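The values are calculated or read from the model by the stated rules, or taken from the named source; none is laboratory data. Quantities reported herein were computed from a predicted structural model and do not represent experimental measurements. Cβ sites come from the backbone with ideal geometry, for glycine too, and all protein chains shown count toward neighbours.
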Amino acid sequence: DNLFSKIFGALLHTATVGLPKSMYSFGFERSVRLIRISLGQQEELKELTAIEKIYSKLPLILQAVTFPFMAALSFLDKRVRLMIKSGISRLIIMVLITIPLYTAASLSLFGLAPASIPGIIGFIMGWNLLSLAWGDAWYQGVMEEGGLKAVGVQLFNLVGIFNSFLLTLIMTSDTQYKNLRKAKNLSWFAAFIESKKFWKPLIDQNGKEVTIPWWNVNGKPARLSMWAAALSAFGLEGIHLVNLEVEGMKDLGYLFSEKTGATGVQTAINDVEVEILGAGHSSAVNLFGVSPIEELGRFLPGSGGFTEGELTQLYHAEKEMNGLKAQVKGLDTAESRIAAGLNWGHGEKAALLSAIQKEKAQLHRQLEKIYEAPVSNSAEVSQKKVLTEEINKSITDLTLLSQELAKGEFSKEKVTEGVASFKNLLTDRYEE
């Protein structure tokens, strides 16, 4: 009961405090700060940003006129800063992985060749701790299914875990730099160097060392170092859980919409984009189409001219391609056995039926994505209709094939036709 209470309490805290706080911080905080400046509450705010300082000097009438523009600019400023810090974090990870591999390959150590490095980097970037327990096939299935379960599994991505810690450490160092400048009156260079000494205690705005009340050392509260402070990434309000919180909110939005018919809630939640972790880009990256800092990864020796995100995608694409090759080979064998009039063993038939069910599940997921995708013109509506018809036909063909196989004595012609259709479906995807 005690364990259940703790788990329930943690989930309740995340839903009622963590998620609203994250959404407020990412979406509304900067706008609220500008409103408070207009209301004369400037002194109650923490250190003003450059945009806020400019806004605070404007007459009230100009503040009212420029508010929408300044709010959008302030929001963009925060996203760009986050993009830069996230890019630095991922670039550091890329360097830590690429340079040792390239050095080992250059010295012909461990049988490594330079041409194999991009594939190894992609493997490391995409490696998930849960795949050790349940296997790659299970992991790939969960990722293809998407949704809350997939986001939860992504929490155990090894590089994602390290990235969360490193990104939080960078953000903590940035806060330390500002506090050193303000409280200790250090020059920008001295504050920069001091803020990179991660083993030193964290200080607050007044220059006072931050301590851990519940942890005593020699009868005194332990000082909180920047290293230790960065572990907050994995707390209930840490950035490592942001995607899980947002995905959970989306699911609640869907459930609420289904029960009440209030589709506005679902639409509003779908518009929330808070993507910091994993191989995906943040909203700021989506805005510019590219992350300048992440692009530097292309020039690292051994990267093959790819960014970290591209290497991860290539690794997963190669795994999917190998899986498709194996499936097509299996269907080739099935065609040969049918043509030769050979009987199938129970295991062979069961394996084919299992492959059909997995393919149908994937096609249904594709349909869901097509249904959910917004359309803005008649051409997109027509394209959506064509894709839907093609997928529904494939699902029908696979259903008929599985029904025929389930019979004690199936029709050779029907099964041959169904297997050939299934093989063509996989071959087309492989070629794409």
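How do the pairs read when you match residues in region 372-398 that are touching a residue at least 12 places away in the same chain (Cβ under 8 Å) with residues anywhere that are aromatic (Phe, Trp, Tyr), using Cβ under 9 Å and keeping only pairs 6 or more apart or on different chains?
Lys384/Tyr371; Thr388/Tyr371; Ser394/Phe422; Asp397/Phe422; Leu398/Phe422
Give the number of residues within region 212-230 that are buried (at least 16 other Cβ atoms within 10 Å of the Cβ) and either more than 32 Å from the chain's Cα centre (by Cα) or not in a helix (DSSP H, G or I) (or both). Before you say what the answer is, go through the steps one by one.
Step one: list which residues in region 212-230 are buried (at least 16 other Cβ atoms within 10 Å of the Cβ), which gives 223-226, 228-230.
Keeping just the survivors that are either more than 32 Å from the chain's Cα centre (by Cα) or not in a helix (DSSP H, G or I) (or both) gives 223-225.
Here the count works out to 3.
Leu363 fails exactly one of the following numbered conditions: (1) over 22 Å from Asn322 (Cβ atoms); (2) at pLDDT 75 or above. What is the number of that condition?
So Leu363 meets the others, but not (1).
Identify the residue in region 122-135 that is surrounded by 13 or more Cβ atoms within 10 Å (Cβ to Cβ) and part of a helix (DSSP H, G or I) and, among all such residues, is modelled with the lowest pLDDT.
Restricting to residues being surrounded by 13 or more Cβ atoms within 10 Å (Cβ to Cβ) and part of a helix (DSSP H, G or I), the top hit is Gly126.
Considering region 370-425 alone, what residues qualify as being out of contact with any helix residue (DSSP H, G or I) (no Cβ under 7 Å at 6 or more places or on another chain), among the hydroxyl-bearing types (Ser, Thr, Tyr) and in a loop (DSSP other than H, G, I, E, B)?
Once the filter is applied, which keeps residues that are out of contact with any helix residue (DSSP H, G or I) (no Cβ under 7 Å at 6 or more places or on another chain), among the hydroxyl-bearing types (Ser, Thr, Tyr) and in a loop (DSSP other than H, G, I, E, B), region 370-425 yields only Ser376.
Tell me which of these Ala113 doesn't satisfy, since it passes every other one: (1) surrounded by 20 or more Cβ atoms within 10 Å (Cβ to Cβ); (2) of a type outside the set (S, T, N, Q); (3) more than 24 Å from the chain's Cα centre (by Cα); (4) closer than 22 Å to Glu308 by Cβ.
(1)
Residue by residue, here is whether (1) exposed (fewer than 14 other Cβ atoms within 10 Å of the Cβ); (2) basic (Lys, Arg); (3) assigned to a helix (DSSP H, G or I); (4) at pLDDT 85 or above holds:
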residue: Gly18; (1), (2), (3), (4): no, no, yes, no
residue: Tyr24; (1), (2), (3), (4): yes, no, yes, no
residue: Ala64; (1), (2), (3), (4): yes, no, yes, yes
residue: Phe69; (1), (2), (3), (4): yes, no, yes, yes
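Free of Cβ contacts under 8 Å to residues at least 12 places away in the same chain, in a loop (DSSP other than H, G, I, E, B) and farther than 30 Å from Glu372 by Cβ - does that describe any residue in region 166-184?
no
Can you tell me which residues in region 185-207 are of a type outside the set (Phe, Trp, Tyr), without any contact (Cβ under 8 Å) to a residue 12 or more places away in the chain and over 30 Å from Val159 (Cβ atoms)?
Listed by number, the residues that qualify are Asn185, Leu186, Ser187, Ala190.
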